[in-house]
1. Condition first: part of a helix (DSSP H, G or I), at pLDDT below 95 and surrounded by fewer than 19 Cβ atoms within 10 Å (Cβ to Cβ). Can you find one or more residues in region A:7-18 that meet it?
2. For region A:232-253, enumerate the residues that are farther than 27 Å from A:Ala192 by Cβ and open to solvent by less than 10 Å² (accessible area, probe 1.4 Å).
3. Name the single residue that is farthest from B:Ser73 (Cα to Cα) among those in region B:200-240 being part of a loop (DSSP other than H, G, I, E, B), in contact with a strand residue (DSSP E or B) (Cβ under 9 Å, 6 or more places away or on another chain) and more than 9 Å from chain A (Cβ to nearest Cβ).
4. Looking at (1) surrounded by fewer than 24 Cβ atoms within 10 Å (Cβ to Cβ); (2) over 15 Å from the mean Cα position of the chain (by Cα); (3) facing chain A (nearest Cβ under 10 Å), which one does B:Gly148 not meet, given that it meets all the others?
5. Filter region A:111-120 down to the residues that are away from every other protein chain (no Cβ under 14 Å) and at negative phi and list them by number.
6. Specify the residue that is nearest to the other protein chains (Cβ to nearest Cβ); the eligible residues are those in region A:259-270 that are more than 17 Å from A:Asp198 (Cβ to Cβ) and touching a Leu at 6+ places or on another chain (Cβ under 9 Å).
7. B:Asp158: within 14 Å of chain A (Cβ to nearest Cβ) and surrounded by 21 or more Cβ atoms within 10 Å (Cβ to Cβ), yes or no?
There are 2 protein chains.
Amino acid sequence: MIIDCHGHYTTAPKALEEWRKRQIAGIHDPSARPSASDLRISDDELRESIESNQLRLMRERGLDLTVFSPRASFMAHHIGNFSVSSQWAAICNELCYRVTQLYPDHFAGAAMLPQSPGVDPVTCIPEIEKCVKEFGFVGINLNPDPTGGFWRSPPLTDRHWYPIYEKMVEFDIPAMIHVSTSCNACFHTTGAHYINADTTAVMQLIEGDLFRDFPTLRFVIPHGGGAAPYHWGRYRGLAQALQKPELRDHLLRNVFFDTCVYHQPGIDLLTSVIPVENILFASEMIGAVRGVDPETGYPFDDTKRYIEAARNLSPEDRYKIYEGNARRVYPRLDAALKARGR
Amino acid sequence: MIIDCHGHYTTAPKALEEWRKRQIAGIHDPSARPSASDLRISDDELRESIESNQLRLMRERGLDLTVFSPRASFMAHHIGNFSVSSQWAAICNELCYRVTQLYPDHFAGAAMLPQSPGVDPVTCIPEIEKCVKEFGFVGINLNPDPTGGFWRSPPLTDRHWYPIYEKMVEFDIPAMIHVSTSCNACFHTTGAHYINADTTAVMQLIEGDLFRDFPTLRFVIPHGGGAAPYHWGRYRGLAQALQKPELRDHLLRNVFFDTCVYHQPGIDLLTSVIPVENILFASEMIGAVRGVDPETGYPFDDTKRYIEAARNLSPEDRYKIYEGNARRVYPRLDAALKARGR
């Protein structure tokens, strides 16, 4: 089977955005604050939004299951305070949960967290608990920069983040390191902030020794690892200068890269530089890049085509990228699949 | 001949760093402020620092000439005010000028600018004038983030930067877009901040229409263009979504990538994705990554080896990357070489 480890609910019914606008208006005008129950989206509306979009494309492209989380750019952890983020995360996660219930064969949930700038990440634990225990989610998205492009949190290797890591280890779930909208005019959200965050996370993990404290912690770095695989020699050399072990030991026991790289040469580089055990299939479809590549005639984000065409991959390699690695990195997904006889 | 378009004076005599420390101490203690004439470095000291380092390696590797600018991480535009940056830039540029006078066959100068956070870039014009007219420099380094990792300046496409661009057009000199030390704990200087800045600059230029206002303006994006070539499909797709022309027309008439990518697969990707006309040979030697790659037995930053080994390049392609493109992007270098019969 083919598991896409990186999908967001970018096509949620318009009512969600309307509710969010009211919530934002309510930050400064308490009379305008909506309650969670003011948001009404029917199962039919959810089905319509999924079947005409993600599920249609998954069927067209031959993808079986997507690890599905709330829309990344809409997380916008910089807006309001913890209470605002908390209500928003709960609503967005519940919608994803309902999608996983409507299509249990095709979607597994990953949670957005109610992060808020300057707020202790320990406040995210109840949402993680709920999403894993009640909703059966298999992972989380962790935002290393809740300010939206101003980077005021400590590096991911700092003890600041340890409460979340302890919970991840307890539940045996991975985190995808994923920022949200940039409100810094220097950084285009999907063209600079996302890719920079991936690169930044990799370098933070190289600089630190986080996995000495958490040997079983697992991170997925999206968008093909940002710039890291392209500059793998640079990173190997920097690790050497920092007197760290080789990246294979220092980083790649715990860090995985997805395949959201939207052209063949990029995937060829990724799959030739990074061990196949560390590559997870993903497309982030109906996401940052929705057009058709005029050079190929196919959508940029149809990443399965690039994996299929990568000449250096054996059938066994493709199995690992498509399915085997995901079962290992997301053990709760593996257990859920096995419980359904898959 | 082989022109390395990206070299910094990372090996300047210790007296320079001592002077800088005194200058920084003097920011809050006027009695400690050194004058420029307090810095005394003899020609012999300059020769020693160059011949045992850059020139030795250039000879070993078969490189003929380096475009040479002050040490990037030492620019540290975030320290002090414009007056501090101005004095520091003048001193650093003059040292590079002296190196170009001692070794006119091997070094051509590129200027650091006296940028300072929040200060109008027009204040950099006198230093540019001096470096080009009196010192014969052939380019400048422009820092898109003088705050050192907090990114408070407008994007490079903003009119904020136009005074510098007007001067660049007048003098027909390119700018390398190069940040300095990061003082944001999230960003390792050479592992995250440098690469992120490259990626950020590319996306800013894609998002804007700067070259409509300055059709002859030329930027060199160092470190192989950050993440951009690896994610070239993403950037082509984002340009399409932003309804921009194809990147070949929108970006590549004015933007060039250097070859500071420290492993073979990265150079193979760069040279297969980006037209050879847009690639300039560079190594940034004795820079971010000074070690020997245990996988090859050669220094990571010996980028000529990767260019030589890139199978998709013809001899004509290599001529362009090593020399032809640099003569076109740095016309003052070309003129200076021709004046010396080269």
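The values are calculated or read from the model by the stated rules, or taken from the named source; none is laboratory data. These numbers come from a predicted model, not from an experiment. Note that we place each Cβ from the backbone using ideal geometry, even for glycine, and neighbour counts take in every protein chain shown. Calculation scope for accessible area: heavy atoms of the full protein, side chains included, ligands and nucleic acids excluded. Shrake-Rupley method; radii C 1.70, N 1.55, O 1.52, S 1.80 Å.
1. Looking only at region A:7-18, we keep the residues that are part of a helix (DSSP H, G or I), and these are A:14-18.
Right, trim to at pLDDT below 95 and you get none.
Scanning region A:7-18, I find no residue that is part of a helix (DSSP H, G or I), at pLDDT below 95 and surrounded by fewer than 19 Cβ atoms within 10 Å (Cβ to Cβ), so the answer is no.
2. none
3. Within region B:200-240, the match that is farthest from B:Ser73 (Cα to Cα) is B:Leu217.
4. (3)
5. A:Ala111, A:Met112, A:Leu113, A:Pro114, A:Gln115, A:Ser116, A:Val119, A:Asp120
6. A:Pro265
7. No; evaluated as a whole, the condition is false for this residue.
Table: residues versus (1) open to solvent by 40 Å² or more (accessible area, probe 1.4 Å); (2) outside any helix (DSSP H, G or I).
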position: A:Thr296; (1), (2): yes, yes
position: A:Asp301; (1), (2): no, yes
position: A:Lys304; (1), (2): yes, no
position: A:Arg311; (1), (2): yes, yes
position: A:Glu316; (1), (2): yes, no
position: A:Tyr319; (1), (2): yes, no
position: A:Glu323; (1), (2): no, no
position: A:Arg328; (1), (2): yes, no
